[in-house]
Amino acid sequence: MRAEARIVVPYSSGRTGIIFGNYSNKANEPAINFELHANGELRLYWNNGEVDLKGSTDLRDGKEHTVAFERTRSQTQLLVDGRVDATGSAGSDVAMRKTGTWINNDWRDGGLPLRGDILELKFVGEEEFV
């Protein structure tokens, strides 16, 4: 499966925010967050950290970027503008929370919306999302 977004993020310090996610700060709840992390790098936080994959490209430059994660049964890749930015484990399948998944945020108190624009978000694949 593949999740892909077109984003534009100006420079800001600290955590840049969530593209989509369902993390809630509650232990033992399945969670997935696709986000820009502390240094503007792409991050996939899968199954409450079973996979915590971070890229190396700072995306806080005010330009449009296409970012994605692609997960197979054996590995996960983060992609930035069609280039592989990080590769890691696939992790376990995750049953989605019944409360749903946010776009541009997650379930934690106060949230962490993306400090930028999500121009498009799509999910592609023959397999179910998780």
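Distance between the pseudo-spin-label points of residue 93 and residue 11 (7 Å out from Cα toward the beta carbon): 4.6 nm. For the stretch 30-89, the set of trypsin sites (Lys or Arg not before Pro) satisfying both a DSSP loop assignment and a count of at most 16 other C-beta atoms within 10 Å is given as 63, 73.
Rounded to whole numbers, the Karplus 3J(HN,Hα) couplings from phi for the stretch 108-114 are 5, 4, x, x, 8, x, 5 Hz, using 6.51 cos²θ - 1.76 cosθ + 1.60 with θ = phi - 60°, and x at Gly and Pro. What the Cβ-Cβ distance of residue 56 and residue 26 gives, at R0 = 25 Å and to the nearest 0.05, is a FRET efficiency of 0.25. For the chain, a Gaussian network of Cα nodes joined below 10 Å ranks 48, 39, 28 by mean-square fluctuation, and the top entry is 28.
Here the Gaussian network model covers the chain, with springs between Cα atoms less than 10 Å apart; of 120, 29, 64, 120 fluctuates the most. In straight-distance terms, cross-link reach from residue 98 covers every one of the lysines whose alpha-carbon lies under 22 Å from its own, apart from those fewer than eight places away in the same chain; here that gives 26, 122.
The charge dipole of the chain, taken about the Cα centre with unit charges on the Cβ atoms of Lys, Arg (+1) and Asp, Glu (-1), comes to about 220 debye, rounded to the nearest 20.
The numbers here are math on the coordinates, done by the rules we state, and not lab data. Not measured: the values here are computed from a predicted model. With ideal geometry, Cβ positions are generated from the backbone for all residues, glycine too; neighbour counts draw on all protein chains shown.
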